[in-house]
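A short worksheet on the structure shown next.
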Amino acid sequence: MSFPRPSQWFALSVRRRFSTARDLVLPVAFATLVLSAILTPVAVLSGFVRAQEVSSTALTQVDVTPAAGAEDQIGGITSKDIERMAAISGVVDVLPNASVGIYAADGSTWALTLHVLNPANLPPDLPEAAAGEVVDDGIVVPDKADGSDLSALVGEAVPVAYTRMTGDSTGELSEREVHFVASYESTWQGYGPGVALASEDLVLELLAARGGLPADDYLAAVGLTAVTVTSASSDEVPQVTAELRDLGFTAVPVGDRLGTLPGIFAIFPQILLVAACGSAVLLLLQLSRAVRGSLERRAPEFALLRIHGWTSRDVKHLIALDVAAGSLAGAFGGALAGVSIGALLVVALVPGVAPPLVLTGALAVPVLALVVALFCLVVSVVASRRALKTDPFITVMSRSR
């Protein structure tokens, strides 16, 4: 009967419980669990912060609403008010911040809020060209709404219903066609849930119909609850904001309103990254010690194998097989548990994080497991070279004394 080769000896060592793989599974699993539980929030929250960051265009915008008790205002912000805002030095655009409800008219049960598209607040997955198609009756819809798959209707003319006033406190549903020019992931809720993005003219047309007026008359007589004023540059925002307030409006720069949110969340990835780096150093040192300790314990065994005819290459093959099996098993199990814990931590910290971001973090499980396993292999290569430099007879004799 021939002497066992490396793969056979590895199987024997696992059965007889003296393999390095058995020694490594738990420490590797623990180290990987801790690392992945910290790194998962770092990755997911970093993506969340990037998704929530205020665009450079938004930093030039000011949200404007009517001031309570303004004597020269009929109710909302009228066409006359918009003209006054547009006349302010540094203002390049005044965009209605308005919305109106639409409903499926083809037998489906979905309902959407039609909102004026703000170029500074586009869904992250929306193609750039799609925003330019939001004119006339073209709208961008969420991919799903009330259980209906709206993405399947992109490119088609879709009948929708809207409310039209017919008399005092009475109205009826009217129908018209709109074109679905693109869709975005419904998990993104920059305007709120179930929102379709449309042109200013389309939203004002449907708002006016709900008020029983032509669009121009509606804007002059009723007005809007809010508009967004765009300045030529962010440097002009303070001056434009001050002049809007002087005109009697409530004006809040978008940068002031939204800029705090990314700032708050941005600190979490930074803190966690520092903690992850410190933990990684300590845990990798611990793993290195575990690998070297296990191989050191088996030094007499390796020496006996060499005495029985094994070459240094055979021993290295055995060590690599042993360490790879134990580190991969431990790292994969630890990464799976750690990413799950990290995902729960993210959801607890930021309930608004989109599920795709968390699922993307889960894709790091095999990558992290492979990195940890490779680290253990590198340590084992270094440790085995040192062990194999010693004459096997000297190793056996020194350990037998």
Between THR113 and LYS144, what is the spin-label point distance in nm, taking each point 7 Å from the Cα along the Cα→C-beta axis? 2.0
In nanometres, what is the gap between the two model label sites at LEU173 and VAL274, each 7 Å from Cα along Cα-to-Cβ? 5.7
ARG84 accessible area, assembled protein chains, probe 1.4 Å, Å²: 70
Ranked order, ILE307, ILE38 - accessible area, probe 1.4 Å, largest first: ILE307, ILE38
Report the full-extension gain for the segment GLU83 to THR57: residue separation times 0.36 nm, less the Cα-Cα distance, to one decimal in nm. 7.2 nm
Long-range amide H contacts for TRP110: which residues qualify at under 5 Å (H placed 1.01 Å from N, peptide plane, sequence gap of 5 or more or a different chain)? ALA104
Taking θ as phi - 60°, what are the ³J(HN,Hα) couplings along the range 176-184 by the Karplus curve (6.51, -1.76, 1.60), each to the nearest whole Hz, with x for Gly and Pro? 7, 9, 10, 10, 7, 8, 6, 9, 9
With the other protein chains left in place, how much accessible area per residue, in square angstrom, belongs to the range 122-260 at a 1.4 angstrom probe? 48
Quick one: how many Å² of GLU172 are accessible to a 1.4 Å probe, rounded to 10? 100
From the backbone phi of the range 249-255, what are the Karplus-calculated ³J(HN,Hα) couplings (6.51 cos²θ - 1.76 cosθ + 1.60, θ = phi - 60°) in whole Hz, Gly and Pro given as x? 9, 8, 10, 10, x, 4, x
The answer for SER231, listing residues at least 5 apart or on another chain whose modeled amide H is closer than 5 Å to its amide H, is GLN61, VAL62, VAL92
Short version: ³J(HN,Hα) in whole Hz for each residue of the range 295-303, in order, from phi by Karplus 6.51 cos²θ - 1.76 cosθ + 1.60 (θ = phi - 60°), x for Gly and Pro, what are they? 5, 5, 4, 9, 4, x, 4, 5, 5
Counting only protein heavy atoms and leaving out ligands, DNA and RNA, the solvent-accessible surface of HIS308 at a 1.4 Å probe, in Å² to the nearest 10, equals 120
If the chain between VAL371 and PHE18 were fully stretched, how many nm would it gain, using 0.36 nm times the residue separation less the Cα-Cα distance? 124.6 nm
Amide hydrogen neighbours beyond the local backbone of GLY101, cut-off 5 Å, H modeled: LEU114
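The values are calculated or read from the model by the stated rules, or taken from the named source; none is laboratory data. Keep in mind the model is a prediction, meaning the values are calculated, not measured. Ideal geometry is used to build each Cβ from the backbone, glycine not excepted, and the neighbour counts take in all protein chains shown. Areas reflect the complete protein model, heavy atoms only, side chains present, ligands, DNA and RNA absent. Shrake-Rupley method; radii C 1.70, N 1.55, O 1.52, S 1.80 Å.
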